[in-house]
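Chemist: Here it is, the structure, as structure tokens.
The values are calculated or read from the model by the stated rules, or taken from the named source; none is laboratory data. Note that the structure is a prediction, hence the values are computed from the model and not measured. No Cβ is skipped: glycine too gets one built from the backbone with ideal geometry, and neighbour counts run over all protein chains shown. Protein only, heavy atoms only, side chains kept; ligands, DNA and RNA dropped before computing areas. Shrake-Rupley method; radii C 1.70, N 1.55, O 1.52, S 1.80 Å.
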Amino acid sequence: MSDASEVREPGSYPQRRFRRPPGACELLLVRHGESAPAREDEPFALVDGHGDPELAPAGREQAERVADRLASEPIAAIYVSTLRRTAQTAAPLAARLGLEPRVEPDLREVYLGEWEGGLFRKHVAEGHPAARRMYAEQRWDVIPGAEPTEAFADRVRGAITRIAAAHPDQTVAVVSHGGVIGQVLAEAGRARGFAFTGSDNGAISHLVVTDERWIIRRYNDTAHLGLGFTSTPEPPT
């Protein structure tokens, strides 16, 4: 039976509303909340070589606001990376929905080589020549020892493909990192590498994954955060 939105007068052709294609998966891509600041005398703890700061107080508030925004969505599963800032961001939403977050290791942030542990933020803030080159060339692997750009793209693509294949006709929340979300959307939009890098902490992007293509429906939605939590784009991690 058709709903009212599908009823039209003979000879008239209204604009069509988007509907999730059969078998597709909708991904709500959430960037983790703001994490603790990097300090020169106190490098971040590392997990498998990746910096692993916890959420800052502002990040915990952002996590609560994400939960407020998404608690009424028909979310079938929540995925996080191996890094605690994603698990801490997902926790309020998981509690409200009664879901146990699933860890997908390939959702972890791009590996920053010699700049892990907080040095990435320092070098970007100070305008390090390699940081300037990184943005000019839109490649992470100009950083000494960083993950090759193609390898990063391959693992992120694999993670998204696996999650979507496990949840046809469902909506899933994926709490991940700025670099990862930027890579996902750049691939979906066939854009340059950093075109979507730098979303706000706690922002929501929306992707529909079909067998044929990835469809961007929303990017960097911060309506739930309020003006006090949005900013000019910051580097990932």
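Chemist: State which residue is least open to solvent (accessible area, probe 1.4 Å) when the search covers only the range 88-111 and only residues that are farther than 19 Å from THR237 by Cα and in contact with a Phe, Trp or Tyr (Cβ under 8 Å, 6 or more places away or on another chain).
Modeler: PRO101
Chemist: If you don't mind, there's one more thing I want to ask. Here's a check for you: in the range 147-177, which residue that is touching an Asp or Glu at 6+ places or on another chain (Cβ under 8 Å) and more than 18 Å from PRO105 (Cβ to Cβ) is most open to solvent (accessible area, probe 1.4 Å)?
Modeler: The residue in question is GLN170.
Chemist: Name the pairs whose Cβ atoms lie under 9 Å apart, with the first residue in the range 65-79 and closer than 23 Å to ARG162 by Cβ and open to solvent by 80 Å² or more (accessible area, probe 1.4 Å), the second modelled with pLDDT of 95 or more and in a loop (DSSP other than H, G, I, E, B), and 6 or more positions between them or separate chains?
Modeler: Close Cβ pairs (under 9 Å, with a partner that is modelled with pLDDT of 95 or more and in a loop (DSSP other than H, G, I, E, B)) amount to PRO74/GLN170.
Chemist: Something else about it: Would you mind finding the one in ILE181, ILE215 that is under 20 Å from PRO101 (Cα atoms) and either assigned to a strand (DSSP E or B) or β-branched (Val, Ile, Thr) (or both)?
Modeler: Working: ILE215 fails: under 20 Å from PRO101 (Cα atoms).
Every option except ILE181 fails the conditions.
Chemist: Being outside any helix (DSSP H, G or I) and within 18 Å of ALA195 (Cβ to Cβ) is the filter; apply it to the range 112-143 and report the residue that is most open to solvent (accessible area, probe 1.4 Å).
Modeler: ARG139
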